[in-house]
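The block underneath contains the structure these notes are about, expressed in structure tokens.
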Amino acid sequence: MRNINFGTWDLLRRATDQLASEIRLSFDPVGIVGVPRSGMMVAANLATRFNVPLAVVDDFDGQNFMSSGPRCKGNVPGAGDLILVDDTVHRGDAMFQAVREMGGSAGSILRPFKVDTWKVVPAAAIVSGKQSVCLHGAVLPSPRVFAWNWLNSWLSEKTVVDFDGVLCKDPDFFDDDPEAYEDHIAGLPPLWLPTKQPHAIVTHRLERFRETSYKWLKNFNLHNAPMTMRSDGTAAERRVSCSPYGVWKGQCFKSLPDAVLFVESDALQARRIFKVAGKTVYCPSEDLVLS
């Protein structure tokens, strides 16, 4: 597989900005209807910008709109344009379903359709091709994955992950005192946990901590992923043999032909991994993509 296209949080922000501009040019929205789950991020943003009521398509009956504060049954917009929006559209399955739930026909996502006194306009922040919905803010071709869905993506099984700083919080201290460090990492809280087994875990943790690391992974059903650890005897030895940090991880990533994404917690290491492996690397703490 060629390098994937990775949609960052910053891309979503810019795409939503552009979508709002496109809406202003051609429509006068009286309400926003969002496609859950991640489509509600864009929907809530647009409803706030335009100061109009917000609805969820799953609950849509022409009455259940929200304004500021608690759910408001009486805040029903008058006649005008309703923007039906999702965060992304690829094949359009979710948008087709949303259109049907609102009373439109199966072929309506490329043009507005009527529901009661409203003209409903299918839209998305990010699409994979220009002819996807009536309005969009940005195009990101497939294969693609996004910062807000990589944990649930089909791609997670082709993703290599760092341990500390990705799967769990970074330890509060280094491993120069092995006994204290081992006790500490056994209870670290989780951060980003994929719903599927990742392709591999590549970590600078020493091999001597494998059992403790495995037990932690088993608690979150991630213990079947192959884990590559450093074979050095001590932290001091690793600092010499593994310097500069990131290069060894890049070599591991490069050696895995089916792996297409590496998720690394440290931006400097991420750059080194990409330089060595030449494949896509994402640093979630910085919303940084190298591809």
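Within region 257-290, the set of residues being surrounded by fewer than 20 Cβ atoms within 10 Å (Cβ to Cβ), among the aliphatic types (A, V, I, L, M) and in a helix (DSSP H, G or I) comprises ALA267, LEU268, VAL276.
With the requirement that a residue be of a type in the set (Asp, Glu) and touching a residue at least 60 places away in the same chain (Cβ under 8 Å), what does region 1-60 give you?
Step one: filter region 1-60 for residues of a type in the set (Asp, Glu), giving 10, 17, 22, 28, 58-59.
Residues satisfying the conditions are ASP10, ASP17, GLU22.
The single condition from (1) polar (S, T, N, Q); (2) over 21 Å from TRP154 (Cα atoms); (3) at pLDDT below 95 that SER231 fails is (3). Residues in region 228-250 that are among the aliphatic types (A, V, I, L, M) and touching a Lys or Arg at 6+ places or on another chain (Cβ under 7 Å) were compared, and the one that is nearest to ASP164 (Cα to Cα) is MET229.
For region 267-280, the set of residues classified as more than 14 Å from TRP248 (Cα to Cα) and not polar (S, T, N, Q) consists of ALA267, LYS279, listed by residue number.
Given the structure, is VAL139 touching a Lys or Arg at 6+ places or on another chain (Cβ under 9 Å) and either without any contact (Cβ under 8 Å) to a residue 24 or more places away in the chain or closer than 26 Å to LEU110 by Cβ (or both)? Break it down into steps so the answer makes sense when it comes.
On the way: touching a Lys or Arg at 6+ places or on another chain (Cβ under 9 Å): yes; either without any contact (Cβ under 8 Å) to a residue 24 or more places away in the chain or closer than 26 Å to LEU110 by Cβ (or both): yes.
Yes; evaluated as a whole, the condition is true for this residue.
Mind listing whichever residues of region 7-32 are within 19 Å of the chain's Cα centre (by Cα) and outside any strand (DSSP E or B)? If the condition is that a residue be within 19 Å of the chain's Cα centre (by Cα) and outside any strand (DSSP E or B), then THR8, TRP9, ASP10, LEU11, LEU12, ARG13, ARG14, ALA15, THR16, ASP17 are the ones that fit.
Here's the yes/no breakdown for (1) outside any loop (DSSP other than H, G, I, E, B); (2) touching a strand residue (DSSP E or B) at 6+ places or on another chain (Cβ under 7 Å):
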position	(1), (2)
GLU157	yes, no
VAL160	yes, yes
ASP170	no, yes
GLU179	yes, no
GLU182	yes, no
ILE185	yes, no
LEU188	no, yes
THR195	no, no
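Test ALA186 against the stated conditions and say whether it is more than 30 Å from ASN3 (Cβ to Cβ), among the small types (Gly, Ala, Ser) and surrounded by 13 or more Cβ atoms within 10 Å (Cβ to Cβ). In short, yes.
Hey, any hits in region 218-228 for a residue that's assigned to a strand (DSSP E or B), of a type in the set (Val, Ile, Thr) and on the phi < 0 side of the Ramachandran plot? Looking through region 218-228, at least one residue is assigned to a strand (DSSP E or B), of a type in the set (Val, Ile, Thr) and on the phi < 0 side of the Ramachandran plot. When residues in region 227-256 are screened for being within 23 Å of the chain's Cα centre (by Cα) and surrounded by fewer than 14 Cβ atoms within 10 Å (Cβ to Cβ), 0 of them pass.
Within region 234-247, the set of residues being closer than 25 Å to THR212 by Cβ and touching a residue at least 24 places away in the same chain (Cβ under 8 Å) comprises THR234, ALA235, ALA236, ARG238, CYS242, TYR245, GLY246.
The values are calculated or read from the model by the stated rules, or taken from the named source; none is laboratory data. As the structure is a prediction and not an experimental result, all values here were calculated from the model. All Cβ positions, even for glycine, are placed from backbone atoms using ideal geometry, and neighbour counts span all protein chains on display.
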